[in-house]
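Okay, so here's the structure we're looking at.
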Amino acid sequence: MTVQNAWRDDFPALRREIDGQPISYLDNAATTLKPRPVIQAITEYYETNGANIHRGKHRLSEEASDAYEASRMVIARYIGAAANEVVLLRNTSEALNLVASGLGLRPDAYIVGALDAHHSQILPWRRVGRVDLTRVDAHGRLDRDHFRMLLRRRPQVVTLTHCSNVTGVVHPVEELISEVRAACDATVVLDSAQFLPHQRINVHALDVDFMAFSMHKMLGPTGVGCLFGRSELLAKLRPLSVGGGTVDWVDVDGSVDRRIPFRFEAGTPAIASVIGSAAAIRYLESLDDSERHRHADELRAALVGGAVTRPRVQLIGPPNENGRIALVSLRLENGVPAGEVARILSDSYGFMVRSGHMCAQPLVAELADGEILRIAAYLYNDAAEVEGFYQALDELLSWMAPEVVLGANR
Amino acid sequence: MIDSSNFEAVQEEITYAFENTVFFREHMQANRLRPEDIKAPEDLQRIPPTSKAHYRRNFPAGVLAKGYTLNSRDVMRFQSSGTSGDRLNSAILSYDLARRQATGLGVNRRFDELWRPGGRPRICRFAPPNCSDVECATGVSSLEDRTLPDGTLVLTVAHDLLATPEWQIVKALDEIEIYQPDLLVVDPTHFAFLVRCTRRLGRKITSPRKLHIVCGYTLMTRVARRQIEEFMGQEVPIGDMIGMSELGYLGFECHHGRRHINNIDFHVEFIRGGRSVEEGQLGELYVTTIDDCLVPRIRYATGDYFTPLGSSCECGSELPVVRIEGRATHMIQLRDGRIVTPGRVDSVIGDAPWLDLYQLEQSRTGTCTFRYIPNAKAQAREAAALEARLADALAPNEVRLEAVDYISCERSGKFQPCISRIPAEGA
């Protein structure tokens, strides 16, 4: 048995069969499956506690609060931040909306973004300012000259995407942030939802101001998005929502905000999911890094190699394995509908892949001119599975070939 | 009761499927059977039934006949939402669809004038979104976007029927006026909703051509039918279609209001406990296609239950008469082991002029809740009388009535009048 298969055994959902057929989950850029320790952490909270956090003085509430805050620390430690610099929200979208709405930008604020950003890193900024998107080349790599040219216009905010959820390209954010610092005093907001599941980050070494990510894309439960913010910047950020838990004092005339990060966390949070998030990080930390990287290299090679050798598909993104995660997006020949292909790959072959515009329609329209098929692998997948996917795709596309074939005689 | 009228054609279909499809050959071989083993109508039951799961998993490579692709001429591909998530990807030859439709509609004289030589009726569809092969619920699509290759116009409707916003209703009504259809192909619950909205808006559903209405997709309740008939008037022929996305017309309602099953383009069996049932008994419909060159299906268990009632009908058609009972997954399972079919529930409720919509839901514990949306004619005594009738029909299980102003659809957009949360183990 290979090492990959040992990881696979930790994911109970992969034991499922549909119509008597095992499943192959290759939609990991949308969300990942959950290992048993994460499921157990969530279950344990509900089976042994279930109380609300922070305001209660009773024993269960105290225990739940401890577990919740300990989880925040685990998440913060994973990215090299202090616990009070990590705001626990619902998802990356909410985190980015919080920053966009909370910076207090004037309506004519100039913001530089990137064409390959997820809608969550474009739309919140369009609501609060004028946005220019940095172009990408034909392979989805940022046009650095264009980026530098936009920086010369002295933006107030620069929004970066660490890794594209369409091309899988990992951008050199350290270099990009250095360029921003050299060119202007813009606030740098990084969407790392697609990158962090694959490689650990130190936010202070990166010199980023804000960074958003989602635990569900890195083995954690759904419903937990995280915002890192440098403490002095978080202190100036205006909360998106207010209410229970965000204030220290309320009287008929006003209120006193709580300290960061609590002032951004209105209402009862997803307690069990946050506790499960810490279990996800502990699981990732328990894996052998070199083994993970070797495995990721294999997946990348299988994904890219499979795409570039097939005439019936066009790889959207770089035609090589450098500087990318184990993800490929494919444009299908002759307008074969990606949605129909994804559905048949699922129901007939057991491969769960994504189709559509990937919530990155400007980029997909630019590079593919229509819907695409995305295959995103993670640590419980293996190269043989990717090869199986391509064989299934080959077979299916042969059935959908444009040529007219006469039917069998009766 | 074994129908042997088209047995030779069935034998041919078995041989064709065996020789030309991977799945059916393996299915036969797994059961140590060859086509020549099926010598008499009784032998057919030696072939284990095939199911939607078989055709889903083996599509297209295992079930498309040798020589065809999904782009061969006259092949229509589709993805159906199925019922309660039992979805399917499949394909059908357009002329098989037309042949089965012609046989089905042939039992109803009021639909005769719809089909004229050389002409094709203009068809508008108002049905659950996932039944429509187009993304019709987005709200931004144009009439052209929603016109299928065969010319059928798909009208917009929200996934959650009762939450359909008014602009979408107005859009559907406007498009009917523009399109001027001969035929409305509708889900009866959806169309009854449209009728109520149309009445409220003071509008009409008309066409300069003679309108016909075919109802399909889900069980046509008497409540829905009453509303459609009252609004559209006696001049508009209404027919209830028995059909499945993957097979097309399996039967139709004749002009005397009885449902006939198509045993010309299909070999039909009504099975319970592995055996054919007698007339008057409930059985699951198994169909074997006749002369289907693309996706031949042998003993395809449809999951739909009927009671065969013989072949005599005053309409003159020789197609067997059936009573629609509903799907296995929708049947109410009583504590004493009996089942109550959606068809039976509907007959208990009747046309109920005092209510607009109903849904009977059985919980996992067996308790039944009857939710209904009353209308202006509703009076307490009618609800009380219905409660007594339902209590009688569903005893020993408890039933509770709830007057509500909203009932949700399933995610596919279909509205089921009768659902059970108890897993079905075959009716």
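The values are calculated or read from the model by the stated rules, or taken from the named source; none is laboratory data. As the structure is a computational prediction, the values presented were derived from the model and not from experiment. Here the Cβ positions follow ideal geometry from the backbone for every residue, glycine too, while neighbour counts run over all protein chains shown.
Six or more apart or on different chains, Cβ atoms under 8 Å: show the pairs whose first residue is in region B:219-245 and among the hydroxyl-bearing types (Ser, Thr, Tyr) and whose second is surrounded by fewer than 18 Cβ atoms within 10 Å (Cβ to Cβ) and assigned to a strand (DSSP E or B).
B:245/B:78
Based on this model, can you work out whether residue A:39 counts as more than 19 Å from the chain's Cα centre (by Cα) and either within 30 Å of residue A:390 (Cβ to Cβ) or within 14 Å of chain B (Cβ to nearest Cβ) (or both)? Give the derivation first.
On the way: more than 19 Å from the chain's Cα centre (by Cα): yes; either within 30 Å of residue A:390 (Cβ to Cβ) or within 14 Å of chain B (Cβ to nearest Cβ) (or both): no.
No, not satisfied.
May I ask you to list the residues in region B:193-246 that are in contact with a Pro (Cβ under 6 Å, 6 or more places away or on another chain) and closer than 19 Å to residue B:171 by Cα?
Passing the criteria: only B:207.
Those residues that are at pLDDT 95 or above and within 14 Å of chain B (Cβ to nearest Cβ), I need them from region A:355-387; list them, please.
A:355
Go through (1) more than 21 Å from the chain's Cα centre (by Cα); (2) polar (S, T, N, Q); (3) surrounded by fewer than 19 Cβ atoms within 10 Å (Cβ to Cβ) for residue B:94 and report which single condition fails.
Answer for residue B:94: the failing condition is (1).
Counting just the residues of region A:80-139 that are basic (Lys, Arg) and over 20 Å from the mean Cα position of the chain (by Cα), which one comes out modelled with the lowest pLDDT? Spell out how you get there, then give the answer.
Within region A:80-139, the subset basic (Lys, Arg) is A:90, A:106, A:126-127, A:130, A:135.
Filter once more, so that each one left must be over 20 Å from the mean Cα position of the chain (by Cα): A:106, A:126-127, A:130, A:135.
Working: A:106: 94, A:126: 97, A:127: 97, A:130: 97, A:135: 97.
Looking at the filtered set, the residue picked out is A:106.
Out of A:384, A:401, I need the residue that is surrounded by fewer than 20 Cβ atoms within 10 Å (Cβ to Cβ), over 23 Å from the mean Cα position of the chain (by Cα) and within 30 Å of residue A:288 (Cα to Cα). Which one? First the steps, then the outcome.
Values: A:401 fails: within 30 Å of residue A:288 (Cα to Cα).
Criteria check complete, one pass: A:384.
Does region A:14-64 hold any residues that are of a type in the set (Ser, Thr, Tyr) and in contact with a Lys or Arg (Cβ under 9 Å, 6 or more places away or on another chain), and which are they? Give the derivation first.
Of region A:14-64, the ones of a type in the set (Ser, Thr, Tyr) are A:24-25, A:31-32, A:43, A:45-46, A:48, A:61.
Once the filter is applied, which keeps residues that are of a type in the set (Ser, Thr, Tyr) and in contact with a Lys or Arg (Cβ under 9 Å, 6 or more places away or on another chain), region A:14-64 yields A:31, A:32, A:61.
Residue-by-condition table, conditions (1) surrounded by 21 or more Cβ atoms within 10 Å (Cβ to Cβ); (2) in contact (Cβ under 8 Å) with a residue 40 or more places away in the chain; (3) assigned to a loop (DSSP other than H, G, I, E, B); (4) within 14 Å of chain A (Cβ to nearest Cβ):
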position: B:60; (1), (2), (3), (4): yes, no, yes, yes
position: B:63; (1), (2), (3), (4): yes, yes, yes, yes
position: B:90; (1), (2), (3), (4): yes, yes, no, yes
position: B:111; (1), (2), (3), (4): yes, yes, no, no
position: B:118; (1), (2), (3), (4): no, no, yes, no
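Being touching a strand residue (DSSP E or B) at 6+ places or on another chain (Cβ under 9 Å), acidic (Asp, Glu) and either surrounded by fewer than 17 Cβ atoms within 10 Å (Cβ to Cβ) or farther than 30 Å from residue B:287 by Cβ (or both) is the requirement here; does residue B:336 meet it?
Values: touching a strand residue (DSSP E or B) at 6+ places or on another chain (Cβ under 9 Å): no; acidic (Asp, Glu): yes; either surrounded by fewer than 17 Cβ atoms within 10 Å (Cβ to Cβ) or farther than 30 Å from residue B:287 by Cβ (or both): yes.
So residue B:336 fails the test.
Name the pairs: first residue in region A:370-396 and among the basic types (Lys, Arg), second residue in a strand (DSSP E or B) and surrounded by fewer than 24 Cβ atoms within 10 Å (Cβ to Cβ), Cβ to Cβ under 9 Å, at least 6 apart or on different chains?
Once the first residue is among the basic types (Lys, Arg) and sits in region A:370-396, its partners that are in a strand (DSSP E or B) and surrounded by fewer than 24 Cβ atoms within 10 Å (Cβ to Cβ) give A:374/A:27; A:374/A:354; A:374/A:355; A:374/A:356.
What are the pairs, 6+ residues apart or on separate chains, where a residue within region A:339-354 that is facing chain B (nearest Cβ under 8 Å) has its Cβ under 6 Å from a residue that is part of a helix (DSSP H, G or I)?
From residues that are facing chain B (nearest Cβ under 8 Å), the pairs are A:344/A:396; A:347/B:56; A:348/B:57.
Given (1) at pLDDT 95 or above; (2) among the polar types (S, T, N, Q); (3) assigned to a loop (DSSP other than H, G, I, E, B), where does residue B:307 come up short, assuming only one miss?
So residue B:307 meets the others, but not (3).
Is it true that some residue in region B:95-109 is touching a residue at least 24 places away in the same chain (Cβ under 8 Å) and within 14 Å of chain A (Cβ to nearest Cβ)?
Of all residues in region B:95-109, those touching a residue at least 24 places away in the same chain (Cβ under 8 Å) come to B:96-97, B:99-101, B:103-109.
Imposing the further condition that a residue be within 14 Å of chain A (Cβ to nearest Cβ) reduces the set to B:96.
Yes: one or more hits.
Quick check, is residue B:78 under 19 Å from residue B:245 (Cβ atoms), buried (at least 20 other Cβ atoms within 10 Å of the Cβ) and within 11 Å of chain A (Cβ to nearest Cβ)?
Working: under 19 Å from residue B:245 (Cβ atoms): yes; buried (at least 20 other Cβ atoms within 10 Å of the Cβ): no; within 11 Å of chain A (Cβ to nearest Cβ): yes.
So residue B:78 does not fit the description; no.
Looking at region B:255-267 only, could you name the residues that are more than 23 Å from residue B:181 (Cβ to Cβ), in a loop (DSSP other than H, G, I, E, B) and touching a residue at least 60 places away in the same chain (Cβ under 8 Å)?
Answer for region B:255-267, where residues must be more than 23 Å from residue B:181 (Cβ to Cβ), in a loop (DSSP other than H, G, I, E, B) and touching a residue at least 60 places away in the same chain (Cβ under 8 Å): B:258, B:262, B:263, B:264, B:265.
Please go through region B:162-203 and give me each residue that is more than 24 Å from the chain's Cα centre (by Cα), over 22 Å from residue B:240 (Cα atoms) and assigned to a loop (DSSP other than H, G, I, E, B), ordered by number.
B:165, B:201, B:202, B:203, listed by residue number.
Can you work out which of the residues in region B:338-367 that are part of a strand (DSSP E or B) and more than 15 Å from residue B:404 (Cβ to Cβ) is modelled with the lowest pLDDT?
Checking each candidate, the answer is B:339.
Could you tell me how many of the residues in region A:53-72 are surrounded by 16 or more Cβ atoms within 10 Å (Cβ to Cβ) and touching a residue at least 40 places away in the same chain (Cβ under 8 Å)?
Number satisfying all stated conditions: 7.
Considering only region B:289-319, state which residues are more than 21 Å from residue B:97 (Cβ to Cβ) and crowded, with 23+ Cβ neighbours inside 10 Å.
Correct list: B:305, B:306, B:308.
Among the numbered criteria (1) of a type outside the set (Val, Ile, Thr); (2) surrounded by fewer than 22 Cβ atoms within 10 Å (Cβ to Cβ); (3) touching a Gly at 6+ places or on another chain (Cβ under 9 Å), which one does residue B:347 miss?
Single failed check for residue B:347: (3).
For residue B:86, indicate whether it is of a type in the set (Asp, Glu), within 29 Å of residue B:241 (Cβ to Cβ), within 13 Å of chain A (Cβ to nearest Cβ) and touching a residue at least 60 places away in the same chain (Cβ under 8 Å). Break it down into steps so the answer makes sense when it comes.
Values: of a type in the set (Asp, Glu): yes; within 29 Å of residue B:241 (Cβ to Cβ): yes; within 13 Å of chain A (Cβ to nearest Cβ): yes; touching a residue at least 60 places away in the same chain (Cβ under 8 Å): yes.
Taking the combined requirement at face value, the residue satisfies it.
Suppose we filter A:406, A:393 for residues that are at pLDDT 95 or above and within 14 Å of chain B (Cβ to nearest Cβ); which single one remains?
On the way: A:406 fails: at pLDDT 95 or above.
A:393 is the lone residue from the list that is at pLDDT 95 or above and within 14 Å of chain B (Cβ to nearest Cβ).
Could you tell me which residue of region A:121-159 is nearest to residue A:227 (Cα to Cα), considering only residues that are assigned to a helix (DSSP H, G or I) and touching a strand residue (DSSP E or B) at 6+ places or on another chain (Cβ under 7 Å)?
Of the residues in region A:121-159, the ones assigned to a helix (DSSP H, G or I) are A:121, A:123-128, A:144-151.
Applying the additional criterion that residues be touching a strand residue (DSSP E or B) at 6+ places or on another chain (Cβ under 7 Å) yields A:121, A:125, A:146-147, A:150-151.
Values: A:121: 13, A:125: 16, A:146: 28, A:147: 25, A:150: 26, A:151: 24 Å.
Residue satisfying both the conditions and the ranking: A:121.
Going residue by residue through region A:113-128, is there one that turns out to be under 19 Å from residue A:154 (Cα atoms), hydroxyl-bearing (Ser, Thr, Tyr) and in contact with a helix residue (DSSP H, G or I) (Cβ under 9 Å, 6 or more places away or on another chain)?
no
Does region B:26-39 hold any residues that are farther than 12 Å from residue B:297 by Cα and either part of a helix (DSSP H, G or I) or at pLDDT below 95 (or both), and which are they?
Keep residues of region B:26-39 that are farther than 12 Å from residue B:297 by Cα, which gives B:26, B:28-39.
Result: B:26, B:28, B:29, B:30, B:35, B:36, B:37.
Give the number of residues within region A:106-125 that are in contact with a Gly (Cβ under 9 Å, 6 or more places away or on another chain) and surrounded by fewer than 20 Cβ atoms within 10 Å (Cβ to Cβ).
The total comes to 5.
Looking at residue B:70, is it free of Cβ contacts under 8 Å to residues at least 60 places away in the same chain and touching a strand residue (DSSP E or B) at 6+ places or on another chain (Cβ under 7 Å)? Let's see the steps before the verdict.
On the way: free of Cβ contacts under 8 Å to residues at least 60 places away in the same chain: yes; touching a strand residue (DSSP E or B) at 6+ places or on another chain (Cβ under 7 Å): yes.
When the stated conditions are applied, residue B:70 passes them.
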